[in-house]
Each structure stands twice: as structure tokens, then as C-alpha cells.
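Have a look at this one.
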Amino acid sequence: MIQLKIEMSKENNAQSLIQETRIEEGFYVLRFDNNTIETQQVVREVNSSFIQFHFCIKGSAVFNFNNGAYQLSIKDENSLLLYNPQRDLPMNLELAAETWLVTVLTSIKKFHNLFSSEANFIHFLSGENKNRKYYKDGSISPSMAIALNQLMNFNLHPSIQELYFKGKSYELLSLYFNRPADTDIEQCPFLVDEENVQKIKRAKQIMIARMDNPPTLTELSDEINLSLNKLKEGFKQIYGDSVFSFLFDYKMEVARQLLETGSHNVNEVGLKVGYSTASHFIAAFKKKFGTTPKKYLMSLR
């Protein structure tokens, strides 16, 4: 595998989250969080022995092939499977602004091992198709959406992140290939009412949009028309953290990016993310990153 190469607009200094995790040999998870206002291009070599699973949680992206002669697009809440044993399929990806994308790359050898007893259910691996290219798009189910959001949003000690990613990646592939007749909605009672999932997503969007003056949990509960208990339980289940713990991490990441642009001083950044005094912002930043905003900026220089 060739190292990830990222190309971004020179006018945009904000850093987006683009992280690749090696789960094991022949198994990788890539997370793309383009929270900028610019389209970003990502290039990564992928050889013909790999199957690609792409999941767009929000926003949209375009895959370019043959120097842009051929394109495939993927919209929010949709997936894309790509496999061509006859030629390499490098990722030349254009991520639209405000796009979240999760990609799972697995070698065909590793994939066979995962599904050795269930291979007959995966028709593109059958004998007559094993040497043919394969493309499939589809929608992301609510249960898949939960696993994907948990891959994007988590609050874990670094020592167990790899294990967590491995479990969630396996869960995601299991849900992707789950046959409708075998679907067991009771595995996640919260998903019995898909409308609740949409309300929880709206709650997250509200908190992000108003991070400088967020509503209380009671106000948020009333606004999305969901009981307080269901809001708390659902948010934790989908995003892996409480509402305000999630918001804290999000605010600190935004603050870090604003500081890196060099366009705002510490007081201005603190106000933008909802801290009325510099001392409170500095204390929060140090709690998150282990250093003060000023020292963080000095380390960049």
C-alpha cells in the first residue's frame, strides 16, 4: 500500500480529519471528515487485490477514474462497493464541503477468510464472477448508520481504538451483507422507530450550529420532539458519547483548527466556540489537548 496523499486548496488552511487505520494485514479503515467550505481532493493507491467499501454519511463525493474520463458519485446515506481483479483502482476522490465518508479496504484473501462459511451468499465472489469487475451502490440502513457514526465519533483511550475500529468494521460489513430475511430489528430497539434516528441526527446538527450558545438538554428535547431519556440514550448509542461531551470535543477541534489558520487570537477563538472568558477557554483547551492554546501555536511554529 502506498501512503495516503492529500491535496487541498491553497486558499483553505483549515485541516480536515483524514485518518487511516490499519486494522490488520490486508484490512484498513479510512475516515474522511471534510468540515471545510472547500472541495478537497484525496489520492490513495489501491491495487487490484483489494475490495473497496465506501459509505457516505453526509455530503457527497466523486470518484475519478482514468484521469477523470470516468466518474462515480456517492451521496449522503449511500454506499458504493468497487472491485476489479483485472486492474488497480486507485482512489482519486473529490470530497464536497461538509462531507463525512468512511472507507473499508480489504484484500480479497482477507475477505474470503471473513466469509468462508457464507461465501455463497456473496454473489460477486462466486466461481463464474471471481475474475470480473464489480460495482454496486446502495443505501445505508439505520443500523449501518449507527456503526458508521460510532466510527466517526468516539471517546476512547488511544490504546483501545484499534480494537474498537476492528469490531466496528466487522459489524459494518456484517450489516452490509445481512440478507433482508435475516434482519433482526430487535438487535437495536431504538431503530424500531427510524424517525427517532433522524431526530437524534438533527439534535447533533443543532448543537453544532449553536455551539457558541447551545440549548439545554430539555430545550433540545423539546425542539426535536423527543423525550429527554430517548435523547440521552439515542445520542449515546449513535455517537458514542453524551450530548455535551460530544459538543466539547467538537468545539475543541474547531478551536484547534481556527488557531492553526492564524486569523484569530486566543480570545476570538474562545468566543467563537462559546467561551465568554479567555481563562475558561484556555482551561478547556488544556483539558482536551494537554497544553495551552499559546503553547500549541508555538509548537506549530
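Show me, bin by bin at 5 Å from 0, the whole-percent P(r) of segment 218-282 based on Cα pairs.
3, 17, 20, 17, 12, 14, 11, 4, 0
Can you bin segment 23-81 into rounded, prolate or oblate? Criterion: square roots of the alpha carbon gyration tensor eigenvalues sorted a ≥ b ≥ c, rounded for a/c under 1.5, prolate for a/b above b/c, oblate for the rest.
Details: a/c = 1.62, a/b = 1.23, b/c = 1.31.
Because a/c hits 1.5 or more and a/b fails to exceed b/c, segment 23-81 counts as oblate.
At each listed q (0.21, 0.27, 0.31 Å⁻¹), what is the log10 of I(q)/I(0) that the Debye formula gives for segment 245-300 modelled as equal alpha-carbon point scatterers?
-0.68, -1.17, -1.54
Right, next: Among 90, 55, 43, which residue has its Cα positioned farthest towards the positive end of the charge dipole of segment 39-99, with +1 placed on the Cβ of Lys and Arg, -1 on the Cβ of Asp and Glu, and the dipole taken about the Cα centre?
The Cα lying farthest towards the positive end belongs to 90.
Once you've got the Cα coordinates, tell me which of 204/287; 58/236; 75/287; 168/288; 232/294 are over 28 Å apart.
Table pairs above 28 Å Cα-Cα are 75/287; 232/294.
Where a number appears in this text, it was derived from the coordinates with a stated rule and is not lab data. These figures come from a predicted structure and were not determined experimentally. No Cβ is skipped: glycine too gets one built from the backbone with ideal geometry, and neighbour counts run over all protein chains shown.
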